[in-house]
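A quick write-up on the structure given underneath.
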Amino acid sequence: MHSGGMNLGGDHAGGDTLLARRSLEDDAEFDITAMIDLVFMMNIYFLVSFLTASMGDIAQPTARHVSALDGDTAVRITVLGSLDGESVSVYLGNGKEGEEITDPEQQELRVREYVEKALEEGKSNVLIKAEAKVQEGQVNRISLAAAIEGMKLHAGVTEIDEP
């Protein structure tokens, strides 16, 4: 006869035998390769960022074989950029001296006349000072207008402080 209890295994003769289950092992593996790669990349990023920040400003080399132009033998033309970046303003002089010329055809005509007059007065150098945001093509256009035989062209980049 059966006593009504459960048999948890064993070789007992009876119909209500319940075998104990084996505990399931959690075989799901977690691949941490991507996480390790990410940690190494972050370490490299922070290391490089720290090193470049700690170096401070890099000392720019100074130009060689450059001497200041004599103010008595040089004529200056200033080229300033506009907010749109396409057009420029030309001043016949140092900085914002004189009249602002905005029309491209007038700029070329007036620059040529200005340089020719300076050559007649005995000046032999033309210094074109262009603001850093002025496109190279605009500076070349003004340089071509100022290119007169007997005059040496000099170009420089300047930052103009707005009031």
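Before moving on, here are some points about what is shown:
- Test for G150: is it in contact (Cβ under 8 Å) with a residue 12 or more places away in the chain and on the phi > 0 side of the Ramachandran plot: yes
- Search result, residues across the range 68-86 that are surrounded by 18 or more Cβ atoms within 10 Å (Cβ to Cβ) and of a type in the set (V, I, T): V75, I77, T78, V79
- When the range 83-97 is limited to residues that are of a type in the set (A, V, I, L, M) and part of a loop (DSSP other than H, G, I, E, B), the one that is nearest to A147 (Cα to Cα) turns out to be L92.
- From the list L109, L80, the one residue that fits, being part of a strand (DSSP E or B), among the hydrophobic types (A, V, I, L, M, F, W, C), farther than 17 Å from N125 by Cα and out of contact with any Lys or Arg (no Cβ under 7 Å at 6 or more places or on another chain), is L80.
- Selection within the range 127-142 - among the aliphatic types (A, V, I, L, M) and surrounded by 14 or more Cβ atoms within 10 Å (Cβ to Cβ): L127, I128, A130, V134, V139, I142
- Residue within the range 87-106 that is surrounded by 13 or more Cβ atoms within 10 Å (Cβ to Cβ), in contact (Cβ under 8 Å) with a residue 12 or more places away in the chain, touching a Phe, Trp or Tyr at 6+ places or on another chain (Cβ under 6 Å) and closer than 19 Å to L153 by Cβ present: yes
- Positions within the range 113-163 being outside any strand (DSSP E or B), closer than 26 Å to L83 by Cα and of a type in the set (D, E, K, R), in sequence order: K133, E136, R141, E159, D161, E162
- The range 137-163 - residue that is at pLDDT below 85 and of a type in the set (A, V, I, L, M, F, W, C) and, of those, farthest from the chain's Cα centre (by Cα): A155
- Search result, residues across the range 110-142 that are without any contact (Cβ under 8 Å) to a residue 24 or more places away in the chain and out of contact with any strand residue (DSSP E or B) (no Cβ under 6 Å at 6 or more places or on another chain): E113, K117, E120, E121, E136, G137, N140
The values are calculated or read from the model by the stated rules, or taken from the named source; none is laboratory data. Computed from a prediction, not measured in an experiment: that's the story for all the values here. For neighbour counting, all protein chains shown are included, and Cβ atoms are generated from backbone atoms with ideal geometry for every residue, glycine included.
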